[in-house]
Amino acid sequence: MKRAIVPGTFDPITCGHMDIIERAAAHSDEIIVGVAESPDKGEGPLFTTAERVALIEDAVEHLAHVTVKPFATLLVDFAEEEGATVIVKGLRAVTDFEREFQMAALNWRLDKTIETMFIMAIPEYMYLSSSAVKEIAAHDGSVKGLVPRGVEEALALKLGAP
Ligand code: PNS
């Protein structure tokens, strides 16, 4: 792949996201992690856009050809602006499939020059989500090994997790 977008809400980034970004980076010349400013689901994010961008930047520091950018437009428009023709998303359990299938189909309908590709989550991260991480942290559980170190600290500051 040449230039690919790995989009998401990343509220916050997890080790599952990191695994997808690293595996996508291994097969692309350049990866842009696109951070959606206003998620289309549920309540607002726990972390601001600037905080989510900073946490990802810190976590991907070791990956030379990965950059992080916020976006507030349609994903296909963001991809077009960035000169990317591929959207890479992670796929976990079957529960992800319907939503991802819908988004991929609609994005294809909006712009047929942009292809969505999926990377299967490894079993270890199959059931990991940002929501679960926030719930564990909010109830004082340990999120060690589930999120990058910087996120652990940020969650502790925000929610008072150990
Ligand atoms: O972290 P998520 O929930 O998997 O990310 C969803 C995201 C941000 C990729 C999706 O909501 C998105 O693409 N938002 C941008 C707006 C858009 O293009 N919507 C149409 C897609 S159907």
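Brief remarks on what is shown
- Each residue, Leu157 and Asp58, gets one label point 7 Å from its Cα in the Cβ direction; the gap between the two is 0.6 nm.
- Using the rule -39500 (n - 2.57) for each DSSP H run of four or more residues, divided by the residues of the chain, the 222 nm mean residue ellipticity is -11500 deg cm²/dmol.
- Helix 15-25 vs. the chain, principal-axis angle (Cα, 0 to 90°, nearest 10): 30 degrees
- Note on segment 54-162: Lys pairs 8 or more places apart or on different chains, Cα atoms under 18 Å apart, count 5.
None of the figures in this text is laboratory data; all of them are computed from the coordinates on show. Remember, predicted model here, so these are calculated numbers, not experimental data. A quick note on method: Cβ atoms are made from the backbone with ideal geometry, for glycine too, and the neighbour counts reach across all protein chains shown.
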